[in-house]
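Below is one structure; the comments refer to it alone.
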Amino acid sequence: MLSSVAERVYWLGRYLERVENTARLVNVYSSMLLDTPVGSHIGWSVLIDITGCNEEYEKSGQSLEEKSVVKFLLADGKNSASVINCVNMMRENARTTREIIPAEAWEKINNLYIDLREAIGRSIGRRARQQILENVISDCQRIFGVLAGCMNHDTAYAFIQIGRKLERADMTTRMVDVGSISLLPTFSSGTSKQRLLLEPYENVVWMNVLRCLSGYQAYRQKIHSNVKGEDVVRFLLKDNEFPRAIGYCLQDLVGHLSKLPNNEEVLRAVARVKKVTNEVDINALLQRGLLDYIDELQISIGDIHDELNNTWFRPVELLKVGQQQSQSQRGKMSLPS
Amino acid sequence: MTIDWKSYHPGEFHDELISSPGHPRKAARVLTRYLASLSDEELQHRQDSVNHAIKTMGISFTVYSEAGNIDRQWPFDLIPRIITKKEWDVTSKGLEQRLRALNCFIHDVYNDGKIFRNKVVPKELVMDSGNFRPQCQGMKPMHEVWAHICGTDLVRGGDGNFYVLEDNLRVPSGVSYMLENRTVTKRVFPELFENYAIEPIGEYAGQLFEMLASIDPHQKEKPEVVVLTPGIYNSAYFEHSFLAQQMGAELVQGSDLCVEDDHVYMKTINGLAPVDVVYRRIDDVFLDPEVFNKESSLGVKGLLGAWLKGNVGLANAPGAGVADDKVIYTYVPEMIKYYLGEEAILPNVPSYLCINPQHCEYVLQNLDKLVVKPANESGGYGILMGPKSTKKEREEFALKIKANPRNYMAQPLVALSTAPILVNGTVEPRHVDLRPFVLQGKSTYVTPGGLTRVALFKGSYIVNSSQGGGSKDTWIVNEE
């Protein structure tokens, strides 16, 4: 398989997953805010924090009101991580790998693009938003379904899945992060009034984090207890059975990587992330705050991406200056070079 | 209002489906009757399905000038054009004959030059051609074939006969649209296929792959064939990826390939993998920055060397364009006689060469009646359509011709045949041409029919997709 094609299908998988995740995020967040009390100061800016686009957003000079934030995340052509742009890039990657992916998958991707371009403007207001985002989510799942059901499970498929699982692990770290940043600052530095107001809602926030990841049901089935920050964080970081938990994603990555040649360095990078998630003491972590830990985790996930680059997409001997983009800075979602 | 063939008037032109208003040609009777039986709603429904199919399948092409919106949907008219198998069998033989002669000519040009010594074609005309590649002299490609894929443009004149307008021997495009047009028509008019014996066209990709495999210098059982594209911004990118997909070949860009010790490799996740045949969709001049255009980032350093050493098959061969020069074109009937000892089955359009002083004088005097073409442009660029030109355009063109007569030839405006297209629920005649595709490797193959291109504007003769033309499905119908 061509290195350039491997890179494109990898990004196809990443963008497809990113589109689905961002749609979930906005959808669940919209419903969560209806549950939290007026004056709790959990605002829409958290969504900008999650996607790591703070700088870009500030530059755009827009307000932190619902409409602006939602528009930025879904429909803003200038935001490289917006859903409409990710769909665009995904389609472009599919268009340039049409000789690899099944024609049916291409048609579905193309249709998602055509439909969303028409509908995205309406997704900014609350009324149509939920329906449109649900359509996007189910379109993404259908596309993954066609890929899983109609494509050879060969190296190209492995790269799509690697992109997908890496993106998913990255998004899960961001979701854990949001649970903590929407709560912890208020607990540690907020006024006592705010703390009192928000305390009963701690599990509402964590519940919605789980919902964002479609993990509420899975969590309840497995943990059998009420939703508690500590249990949720452990579940999302370490679980090996819930498909959106980082533990599961890493295990799945190893499965796909083992089909590829010269995979030693990449597997080592995966093992390093595993170590970071396995060895952490969740209790202590919640006491001192998640911020630094999430940083460390995201950097180590970024290292996997860098190793993919070095091993298969742009091997060092062919590397030209400025062609490689590192993901190992926290925050901003990675983009192909 | 449903379709009424009595009010369809092609005027003085030969029409592909109708012999006179209300009287369809024999092979078109079932089709025309069927179309007239459809209600407005049904017709509109078919048109909607066409648009939907094209949109969903992502059939598109690119127009360079429309920056920002690079992908444009393929303009397709749903009424097929019908050609009888009887007529096509002869035409097909003519196309094969023509390509065989052209390949003999190209091989001769780069090797013995017999045709020059025998004074059939003047040597200096070839040496002056912008498409002559001195680097290729002495090369003997597999089967002595240089132009493996040829798109020959045919037009039907007022007399109802096919004429060859030009041969495209460099990187002819359009075959994917021919194939997709059929797919769309099958989706939209499945019932018509029951009533007609229509020649299937689906085997093109298989034939193409077999032809490419036949020029593998190593004659491996499973040769590695790649399609070399200039990339996603090229107007024919859709076609490149379509053909790669249909053949199960790798679609590569120049940056995916490299040449080491005169062997071609592609960069894969396993490392460098050997390549046996390159179906290149990049012009000669961009093919190898070591030899041709130094600035080219599309090509592959050393590719020409690898080919000259016989380590890789290259289709079409570099330098094949020497025979697709519009001045050389005028000599093709003589070439057929010279190399094959046969009479040309398909006639050329009568032509005037500006390098011939008498012809040039005639051309300059009659610019308002002629179509003047530069020798080696494609896509309808740089052409003067005399009867539709302004005085200023003619004066400018006269200066260009005087400055470089070798670079121009002229033809009378052929009264291109028409075919009905659907416009707002009724039918109107539009001019059409036909581009069949001919393959030559170890053996030859001609597509049944080809790509029918349509000038979408009333009265227009410009059918090129790059200039707003559309297309139709083309049926070769067996009446027996």
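The values are calculated or read from the model by the stated rules, or taken from the named source; none is laboratory data. These numbers were taken from a predicted model, which means no experiment stands behind them. No Cβ is skipped: glycine too gets one built from the backbone with ideal geometry, and neighbour counts run over all protein chains shown. Accessible surface is based on the protein model in full, side chains and every heavy atom, while ligands, DNA and RNA are left aside. Shrake-Rupley method; radii C 1.70, N 1.55, O 1.52, S 1.80 Å.
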Leading residue by the ranking (nearest to B:S176 (Cα to Cα)) among those in region B:206-228 that are in contact with a Phe, Trp or Tyr (Cβ under 6 Å, 6 or more places away or on another chain) and open to solvent by less than 40 Å² (accessible area, probe 1.4 Å): B:V227
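So which of A:Y57, A:Y29, A:Y10, A:Y15 ends up being within 14 Å of chain B (Cβ to nearest Cβ) and either in contact (Cβ under 8 Å) with a residue 40 or more places away in the chain or out of contact with any Cys (no Cβ under 9 Å at 6 or more places or on another chain) (or both)?
On the way: A:Y57 fails: within 14 Å of chain B (Cβ to nearest Cβ); A:Y29 fails: within 14 Å of chain B (Cβ to nearest Cβ); A:Y15 fails: within 14 Å of chain B (Cβ to nearest Cβ).
Sole residue among the options that is within 14 Å of chain B (Cβ to nearest Cβ) and either in contact (Cβ under 8 Å) with a residue 40 or more places away in the chain or out of contact with any Cys (no Cβ under 9 Å at 6 or more places or on another chain) (or both): A:Y10.
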Restricting region A:136-158 to residues that are open to solvent by less than 40 Å² (accessible area, probe 1.4 Å) and among the aliphatic types (A, V, I, L, M), the one farthest from the other protein chains (Cβ to nearest Cβ) turns out to be A:I137
Among the residues of region B:256-272 satisfying the criterion of being more than 7 Å from chain A (Cβ to nearest Cβ) and not in a strand (DSSP E or B), which is surrounded by the most Cβ atoms within 10 Å (Cβ to Cβ)? B:D262
Give me the residue from region A:99-123 that is within 8 Å of chain B (Cβ to nearest Cβ) and surrounded by fewer than 22 Cβ atoms within 10 Å (Cβ to Cβ) and, out of that set, modelled with the lowest pLDDT. A:E99
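Regarding B:Y362, is this residue aromatic (F, W, Y) and within 30 Å of B:E96 (Cα to Cα)? Steps first, please.
On the way: aromatic (F, W, Y): yes; within 30 Å of B:E96 (Cα to Cα): no.
Answer is no for this residue.
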Pairs, please: C-beta under 7 Å, at least 6 apart or cross-chain, first residue in contact (Cβ under 8 Å) with a residue 40 or more places away in the chain and in region A:117-138, second of a type in the set (A, V, I, L, M, F, W, C) and open to solvent by 50 Å² or more (accessible area, probe 1.4 Å)? none
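Run down B:M178, B:M247 and say which single residue is touching a residue at least 24 places away in the same chain (Cβ under 8 Å) and either among the polar types (S, T, N, Q) or under 21 Å from B:S471 (Cα atoms) (or both).
Numbers: B:M247 fails: either among the polar types (S, T, N, Q) or under 21 Å from B:S471 (Cα atoms) (or both).
Answer to the selection: B:M178.
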Could you check how many residues of region B:337-390 are open to solvent by less than 50 Å² (accessible area, probe 1.4 Å), touching a strand residue (DSSP E or B) at 6+ places or on another chain (Cβ under 8 Å) and of a type in the set (S, T, Y)? 1
Where residues in region A:268-296 are buried (at least 16 other Cβ atoms within 10 Å of the Cβ) and under 30 Å from A:V5 (Cβ atoms), which of them is farthest from the other protein chains (Cβ to nearest Cβ)? A:K274
Looking at B:K294, B:K337, which one is over 25 Å from the mean Cα position of the chain (by Cα), among the basic types (K, R) and on the phi < 0 side of the Ramachandran plot? B:K294
Just name the residue that is most open to solvent (accessible area, probe 1.4 Å) out of those in region A:124-135 that are of a type in the set (K, R) and modelled with pLDDT under 90. A:R127
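Just checking, how many residues over region A:95-113 are among the aliphatic types (A, V, I, L, M), over 24 Å from the mean Cα position of the chain (by Cα) and closer than 15 Å to A:Y10 by Cα? Show your work before the answer.
Taking region A:95-113 as the starting set, the residues that turn out to be among the aliphatic types (A, V, I, L, M) are A:100-101, A:103, A:105, A:109, A:112.
Those left that are additionally over 24 Å from the mean Cα position of the chain (by Cα): A:100, A:103.
From the residues that got through so far, the ones that are closer than 15 Å to A:Y10 by Cα too are A:100.
Residues that pass the stated criteria total 1.
Can you report the number of residues in region B:191-205 which are aromatic (F, W, Y) and either in a loop (DSSP other than H, G, I, E, B) or open to solvent by 10 Å² or more (accessible area, probe 1.4 Å) (or both)? Before the answer, list the steps.
First, pick out the residues of region B:191-205 that are aromatic (F, W, Y): B:193, B:196, B:204.
Keeping just the survivors that are either in a loop (DSSP other than H, G, I, E, B) or open to solvent by 10 Å² or more (accessible area, probe 1.4 Å) (or both) gives B:193, B:196.
Residues that pass the stated criteria total 2.
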Filtered residues of region A:17-31 (kept if closer than 19 Å to A:K71 by Cβ and either of a type in the set (A, V, I, L, M, F, W, C) or modelled with pLDDT of 80 or more (or both)): A:R18, A:V19, A:N21, A:T22, A:A23, A:R24, A:L25, A:V26, A:N27, A:V28, A:Y29, A:S30
